Amino acid sequence: MATAEAAYRDNLSSRYLNLAAGRAVADLVDGLRGDRPPVRVLELGAGIGGTTDDVTAALAGLPVEYHFTDVSTFFLDAAKRRFADYPWMRYEIVDMNADLENQPRYDIVIAANVLHNAYDIAVTLRQLRALLNPGGAVVIIETCHAHCAQLTSVHFLMSPREDQPHAGLTDVRAGTDRIFLTENEWRDQLLAAGLTPELVLPAGDHQVAALDQRVFIAVRGQE
């Protein structure tokens, strides 16, 4: 847990990104609450709850039903203890590569440092759009450039089991050894899936931008 917290919570970039994601989710909930209380929030691959910490703090007093999901009961059990004071939290095993088509509808989907695990980014984004209610949004945190320090370990982390395909085998990463999409590729993939990127943080001139991680807030239209 200590290693994961250092990577996803206790560093400059993560603190900025998680706070930005929390503020974005709270603003979205505030805008939707008049139409659909409680606002239903799904977090995919929530892991140690690094992003969840800042999101739940920002949601204090707002009408939400929050579904904390991961592929590991280890993280779910830890989250139940960590977020025990939030009666509107629910916990469930969800594998985004297998379970999205069977999920109920949500108003907001949070995916922090998890979508690069998708077997096919385009397919996963289309599935996310399909489970969003009209006017809903995705809030995504992703690395947009693989640094050498990450490349020494991320391919081991991403190694599939014998019965699973490798992430990116059939999407924009096909034919390369890349795990992460660039910022422009994320924008293009979101638009192609019917999700309009309304805000990307940090902006290019921000000091944290040099660390090559971004928050994407993309909205499904009201149609």
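A short reminder: the numbers here are calculations on the coordinates, not readings from a lab. Please read these numbers as outputs of a predicted model, since none were measured by experiment. Virtual Cβ from ideal backbone geometry, glycine too; neighbours counted across all protein chains shown.
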Can you give me the long-range amide H partners of ARG40? Hydrogens built in the peptide plane at 1.01 Å from N, cutoff under 5 Å, separation of 5 or more residues or another chain.
GLU65, ASP107, ILE108
For peptides 25-34, 63-72, sequence by mean Cβ density within 10 Å, most packed first
63-72, 25-34
As an exercise, use a Förster radius of 35 Å and the Cβ-Cβ distance of ALA60 and GLU185 to find the FRET efficiency, rounded to the nearest 0.05.
0.50
Using a Gaussian network model on the chain with a 10 Å cutoff between Cα atoms, which of ALA146, ALA60, ALA111 fluctuates the most?
ALA60
Calculated from DSSP H runs of 4 or more alone, at -39500 (n - 2.57) each and per residue, what is the 222 nm mean residue ellipticity of the chain, nearest 500?
-10000 deg cm²/dmol
So how far, in whole Å, is the C-alpha centre of segment 201-217 from the one of segment 176-198?
15
Near the amide H of GLY136, under 5 Å away, which other amide H atoms are found, from residues 5 or more places off or on another chain, if H is placed in the peptide plane?
ARG220
Can you list the residues, at least 5 places off or on another chain, whose amide H is less than 5 Å from the amide H of ARG90, using H built in the peptide plane?
TYR66, HIS67, PHE68
What are the ³J(HN,Hα) values, in whole Hz, obtained from phi via the Karplus relation 6.51 cos²θ - 1.76 cosθ + 1.60 with θ = phi - 60°, for each residue of segment 108-118 in sequence order, with x given for Gly and Pro?
9, 10, 9, 9, 9, 6, 9, 5, 5, 7, 5
When a/c reaches 1.5 or more, the comparison of a/b and b/c decides; with that in mind, is segment 1-140 rounded, prolate or oblate per its Cα gyration tensor?
rounded
Per-residue ³J(HN,Hα) for segment 91-96, Karplus 6.51 cos²θ - 1.76 cosθ + 1.60, θ = phi - 60°, Hz, x for Gly and Pro
9, 7, 6, 9, 9, 5
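Work out which helices of the chain, taken as complete DSSP H runs, extend at least 18 Å along their axis over the Cα atoms and score a mean Kyte-Doolittle of -1.0 or more, then list them. Please report the intermediate quantities before stating the final value.
Details: long enough: 12-32 (30 Å, 0.54).
Correct list, ordered by number: 12-32.
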Which of GLY61, ALA79, GLY49 sits closest to the plus end of the dipole of segment 48-137, meaning its Cα is farthest towards the positive end, when Lys and Arg get +1 and Asp and Glu get -1 on the C-beta?
GLY61
For the chain, with only Lys/Arg (+1) and Asp/Glu (-1) charged at the beta-carbon, what is the dipole magnitude about the Cα centre, in debye rounded to 20?
280
